[in-house]
Amino acid sequence: MPDLLGRPDTLSPLAMLPPHRIRLLLLLVLGAGLLGGCASSRSAQDEVAARAAAVGTWSYEVEDIAPLDQGRFRITMQDGDLRGVVRDQRLGRLRASVRVRDSRLEIDLRDLRISGYIEDGRFTGVLRRSQWEVTTRRQSRTRSQFRSASLFARRVRSATAVDKPGVLECRSLLREAGDCD
């Protein structure tokens, strides 16, 4: 059917819909946009909550024979990144990179990786050695027989302003008697 100027009528399929259907379609599109916005906001909130669950000082013990024995690891937030320091009874002080996703925590130390889950101030994980092999002209050497061990930790202190490490990451000498390592 031609319009008033004699041109053929080119209505879009949307214009052919009854008004109540157009309103319903607009509501669906707006609702989907709002849900998408809420979901991305919720995932950001979940990430912040997961990081908060990891930050603090944890006391750990390793079952079985492994390079790590027992000690503490401390996870802090610095410049938006998680960082860790592990103080092991056997290996001493080690720097660590830390990643958290949902309740999964991963701590990388040199050639060791601790990975597991945080739940209610407790961490249950596995300590594994990165597997690699060195080949020389005369012989092939493989790393030690250790492959993995269970690691259990509990939070002994949550993050507070007092826990922020100093420039040299030194701990204050002024401590209460029950707060010593």
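The values are calculated or read from the model by the stated rules, or taken from the named source; none is laboratory data. In this text, all values refer to a predicted model and were calculated from it rather than measured experimentally. Using ideal geometry, Cβ is built from the backbone for each residue, glycine included, and neighbour counts are taken over all protein chains shown. Ligands, DNA and RNA are excluded from the accessible area calculation, which covers all protein heavy atoms including side chains. Shrake-Rupley method; radii C 1.70, N 1.55, O 1.52, S 1.80 Å.
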Quick query: amide H of residue 91 versus all other amide H atoms, modeled in the peptide plane; which residues come in under 5 Å with a sequence gap of 5 or more or a different chain? 69
Calculate the FRET efficiency for residue 81 and residue 30 from the Cβ-Cβ distance with a Förster distance of 30 Å, rounded to the nearest 0.05. 0.20
Heavy-atom accessible area of residue 119 with all protein chains present, probe 1.4 Å, nearest 10 Å²? 130 Å²
Could you work out how far apart the two model spin labels at residue 45 and residue 154 are, taking each label as a point 7 Å from the Cα in the direction of the beta carbon, and quote it in nm? 3.1 nm
Once the piece of chain linking residue 117 and residue 104 is laid out straight, how much longer is it, given 0.36 nm per residue of separation minus the C-alpha distance between them? 4.2 nm
Expected vector for the stretch 45-52, Karplus 3J(HN,Hα) from phi with 6.51, -1.76, 1.60 and θ = phi - 60°, integer Hz, x for Gly and Pro, equals 5, 5, 5, 5, 5, 5, 5, 4
